[in-house]
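Chemist: Next up is a structure, given as structure tokens.
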Amino acid sequence: MAHYHDLEHIHPPLPELGEEVTLYLETEAEEGLLLYEKDGEIHKKPMEPAKGGLRVRVPVHVSPFRYCFLLPEGFLGSHGLEKTLPRYDRFFHLLAGSLPPWWALGTVYYQIFPDRFRQGRKELAPKDGEWLLMGRPIRKKAWNEPPGPGGAWEFYGGDLWGILEALPYLEALGVEILYLTPIFQSPSSHRYDTEDYLRVDPHLGGEEALEALFQALEKRGMRLVLDGVFNHVGATHPWFQRALKDPESPERSMFTFYPDGSYATFWGVKSMPKLDYASPLTQERFVHGPRAPICYWMRLAHGFRLDVAHSIGEGGTNRKNARWLRALARAAKEERLEAVVFGELSYDAIPTLRAHTLDGAMHYAGFAHPVMEWLSGRDVHGRPVHLDAQETWRVLWDHYQALPVQLRHSMYTLLSSHDIPRALWRLKGDVERFKLAYALLFAFPGSPAIYYGDEVGLSQPNPYAKWQGDPYCRAPFPWEESAWNLEVLTLIRRLVKLKRTHPALRLGGLLPLEAGKGVLAFRRRYQGQEVWAFFAPKGTRLTLPRGLDLLTEREVEGEVEATYLLFQPL
């Protein structure tokens, strides 16, 4: 590529507001101008020659700071060279001030659904029928029973002590951050219907278990991210019960009630009444107060993932969404400077992240969905879809280029999660295609996330004709090693090691790579080092210079046949 500008070309890469940065452009052009938007006007600043390109110094006066380059052959913005001035959304977007900590760029996550991962203390598990959830008794299931349709009612008895016991396994896998779905007191097994934000659920081991887990992770140099369910509470929460029973109660303002007596909820689910952030009481209890959970738990966590972050807002809507996401992230960072706060932005995350809100997002629209549509032939809802390799690349490239430069590597990049069908199940058990998908996940920019059990080939019990993720994607982890796919586990361990140790894979920019029809290919580059990545579900023949196959650690040259390959030219 004749011109190249990415994170490694910004110094310092994580600037404070008002700080001067040096912007460098790899280019053969001998002259150019920096164009940047300030106070509604486009300002111009000449660039000076530097080794291999051009550079310029400029203060970052606002966040996001929007800029492009004017070269003799045209305007260079985030999406490439254009003959006329690009739209602002095709400028580069640089953030300043509250940014992801450096450790969160290109880090490796492991997502755990606590009730289904590992049981440490049998006596903590709920007993069959111990309480009613929405009028029905809960059910205690045996660990080897498959999950059924009554997901929220089904308990297996996993707990935080079990996760603590499993740390040697997770450390050997190489993961750096554990992300746990909700752990606070709740009547359901998924715990997204919180009834006490300041109490770790006793069935998970309570605060004692959380503290032990946190300290053990810190000793190992690992980190912990909790799930922040701050869009709604559970209907059993005392605040909502007071609001429901007494229209004069202060808590009434925390929720949105309609004239017919109904109230705003998450996705129409009555057991999850939606919080109203226009209420000063909501603001105090969830954002600004010392007992706001996002502040309170920073002593035992390194960050939060915000549940349905795209919906948080005022008046039963997501009005002023960016403002409240920004406030929640800031509150966490005031308690722990190097906290990471990312969001479940299930659709287009770009506008929200450009508004300088969060440290990143779950990369559904820009990675998980297009990749799995290409490889499985169905979208996340099971509808047939036909994407070829080049169309898939165009979606990945478009989202990557549009992201604020510093967030390109802090995106929580995934294939499976607790909300969508498992990748192996979507691929009808095709292990080779599943391995290709995970190789692509770790080769792509971002922070790759392993959904518990994927690494040993865990799938789902429902037939393919019954297209559904939750609750079937939440099966218990199979701790008998005889049930593991060791081939998959070996590959994922190798991929984790490469992501952690290879600078081009951890922090490198993304560049296109021509490789023929049916092949999704790209380059990662950092400080002159490159990795070439090739993915061809039906196989392909490549002609390569002398280099290293990073997955086998063997030197290769000439003609190579592969379905996936991570290649370092020598």
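The values are calculated or read from the model by the stated rules, or taken from the named source; none is laboratory data. As the structure is a prediction and not an experimental result, all values here were calculated from the model. Neighbour counts are summed over all protein chains in view; Cβ atoms, including those assigned to glycine, are modelled from backbone coordinates with ideal geometry. Quick note on the areas: whole protein, heavy atoms, side chains included, nothing else; ligands and nucleic acids left out. Shrake-Rupley method; radii C 1.70, N 1.55, O 1.52, S 1.80 Å.
Chemist: Report, in whole Å, the centroid distance computed from the Cα atoms of segment 90-109 and segment 131-199.
Modeler: 31 Å
Chemist: Summing +1 for each Lys or Arg and -1 for each Asp or Glu, what net charge is found among the other residues whose Cβ lies under 13 Å from the Cβ of V175?
Modeler: +2
Chemist: On C-alpha positions alone, give me the angle between the axis of helix 431-443 and the longest principal axis of the chain, in degrees, nearest 10.
Modeler: With both axes taken from Cα atoms, the answer is about 70 degrees.
Chemist: If I take all pairs of Cα atoms in the chain, what percentage of them are more than 36 Å from each other?
Modeler: Counting every Cα pair in the chain, those more than 36 Å apart make up 36 percent.
Chemist: A further question follows. With every protein chain kept in the model, how would you rank W479, W161, W267 by accessible area, 1.4 Å probe, largest at the top?
Modeler: Descending order: W267, W479, W161.
Chemist: Skipping prolines and chain starts, which residues have an amide H placed within reach, meaning under 5 Å, of the one on S410, given they are 5 or more residues away or on another chain?
Modeler: G106
Chemist: I need the per residue convex hull volume for segment 388-503, using only the alpha carbons, in cubic angstrom as a whole number.
Modeler: So the per-residue hull volume is 123 Å³.
Chemist: What does segment 24-95 give for Rg and for Dmax, in Å, if only its C-alpha atoms count?
Modeler: Considering segment 24-95 through its Cα atoms, Rg and Dmax are 11.5, 33 Å.
Chemist: Over segment 301-404, what number does the Rg to Rh ratio reach, with both radii from the alpha-carbon atoms and Rh per Kirkwood?
Modeler: That ratio is 1.05, to two decimals.
Chemist: Then there is this: Where only protein heavy atoms count, and the probe is 1.4 Å, what is the accessible area per residue for segment 444-570 in Å²?
Modeler: In whole numbers, segment 444-570 has 43 Å² accessible per residue.
Chemist: Just to be sure I follow the definition: excluding the sites themselves, where is the longest run in the chain that has none of the GluC sites (Glu not before Pro) in a DSSP loop with at most 14 other Cβ atoms within 10 Å?
Modeler: Longest gap between qualifying sites, sites excluded: 339-479.
Chemist: Over segment 442-510, what percent of the accessible surface lies on carbon and sulfur atoms, probe 1.4 Å?
Modeler: 53 percent
Chemist: Can I ask one more? Show log10 I(q)/I(0) for segment 497-570 at q = 0.18, 0.24, 0.28 Å⁻¹, two decimals, from a solvent-free Debye sum over equal Cα scatterers.
Modeler: Values returned for q = 0.18, 0.24, 0.28 Å⁻¹ are -0.67, -1.17, -1.43.
Chemist: Helix-derived [θ] at 222 nm for the chain: sum -39500 (n - 2.57) over DSSP H runs of at least 4, divide by residue count, nearest 500?
Modeler: -6000 deg cm²/dmol
Chemist: Once the Cα atoms of segment 433-570 are picked out, what are the Rg and Dmax in Å?
Modeler: 16.6, 48
Chemist: Let me ask something else about it. Protein chains only, probe 1.4 Å: how do S459, S447 rank by accessible area, largest first?
Modeler: The most accessible residue leads, giving S459, S447.
Chemist: Okay, next question. Enter the angle in degrees (range 0 to 90, nearest 10) between the Cα long axis of helix 321-335 and the first principal axis of the Cα atoms of the chain, meaning the one along which they spread out most.
Modeler: It works out to around 80 degrees.
Chemist: Mind pulling the angle between the C-alpha long axis of helix 206-219 and the longest principal axis of the chain? Nearest 10 degrees, somewhere in 0 to 90.
Modeler: Its long axis makes an angle of about 30 degrees.
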